[in-house]
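Asks: Shown below is the structure under consideration.
The values are calculated or read from the model by the stated rules, or taken from the named source; none is laboratory data. Quantities reported herein were computed from a predicted structural model and do not represent experimental measurements. Every residue, glycine as well, gets a Cβ built from its backbone with ideal geometry; the counts of neighbours run over all protein chains shown. For accessibility, only protein heavy atoms count, side chains too; no ligands or nucleic acids. Shrake-Rupley method; radii C 1.70, N 1.55, O 1.52, S 1.80 Å.
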Amino acid sequence: MERTFVMVKPDGVLRGLVGEILARFERRGLKLVAGKLMQVTRELAEAHYAEHREKPFFGDLVAFITSGPVFAFVLEGPNAIGVVREMMGKTNPKEAAPGTIRGDFALTIDKNVIHGSDSPESAAREIALWFGEEALLSYDRPV
Ligand code: CMP
């Protein structure tokens, strides 16, 4: 069983895509174990994207992610990290296949609607940063 951190970015929230995106993951069978609509602080944005600190787009990325509400959540299930990444599609929507979230709802890399953890290490770090273990619910989901 694996857990992954997912965030619908401000472009997705403002366009009313939270329900549609969550529904795709729920229908696939992934279990929602935490979720919150929130305004991201500069401090949290910089910590979340710390690995991109030296990249030329870092300033714009932090400005964008703090520009409006995000919906952050944690999903649990077998191979949750890979399943979510597959369902999101390639980071650059230009290369994302139709049927994926970015392939269906996004056109450019700076406004690519959604973020998901890219490895078990990232998932552990991001879940701790955004929620903490104590915020995750444990319950049975009949499939
Ligand atoms: P995300 O999966 O949230 O992780 C880092 C984000 O940086 C990425 O999605 C993109 O939305 C954003 N980004 C903006 N510009 C670029 C770029 N030129 N290359 C890669 N990522 C970029």
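Asks: Please tell me if G59 is outside any loop (DSSP other than H, G, I, E, B) and away from the ligand (no atom under 14 Å from the Cβ).
Replies: no
Asks: Test of understanding: among E76, E20, which residue is within 22 Å of L136 (Cβ to Cβ) and among the acidic types (D, E)?
Replies: E76
Asks: Then there's this: For the range 39-61, how many residues meet the condition of being closer than 19 Å to A135 by Cβ and open to solvent by 40 Å² or more (accessible area, probe 1.4 Å)?
Replies: Here the count works out to 3.
Asks: Would you check which residues across the range 1-38 are open to solvent by less than 60 Å² (accessible area, probe 1.4 Å), basic (K, R) and assigned to a strand (DSSP E or B) and list them?
Replies: K31
Asks: Further question on the same structure: When residues of the range 1-49 are filtered for being within 13 Å of the ligand (Cβ to nearest atom) and closer than 22 Å to G82 by Cα, how many remain?
Replies: So the count comes out to 9.
Asks: Then there is this: I need a count of the residues in the range 63-80 that are in a helix (DSSP H, G or I), open to solvent by less than 10 Å² (accessible area, probe 1.4 Å) and more than 14 Å from N112 (Cα to Cα).
Replies: Total satisfying the criteria: 1.
Asks: Condition (residue is more than 12 Å from the ligand (Cβ to nearest atom), outside any helix (DSSP H, G or I) and among the β-branched types (V, I, T)) applied to the range 84-103: is it met by at least one residue?
Replies: Scanning the range 84-103 turns up at least one residue that is more than 12 Å from the ligand (Cβ to nearest atom), outside any helix (DSSP H, G or I) and among the β-branched types (V, I, T).
Asks: Does T108 count as out of contact with any strand residue (DSSP E or B) (no Cβ under 7 Å at 6 or more places or on another chain), within 19 Å of V13 (Cα to Cα) and surrounded by 13 or more Cβ atoms within 10 Å (Cβ to Cβ)?
Replies: So T108 does not fit the description; no.
Asks: Of all residues in the range 111-139 being of a type outside the set (A, V, I, L, M, F, W, C) and touching a Pro at 6+ places or on another chain (Cβ under 9 Å), which is surrounded by the most Cβ atoms within 10 Å (Cβ to Cβ)?
Replies: It comes out as N112.
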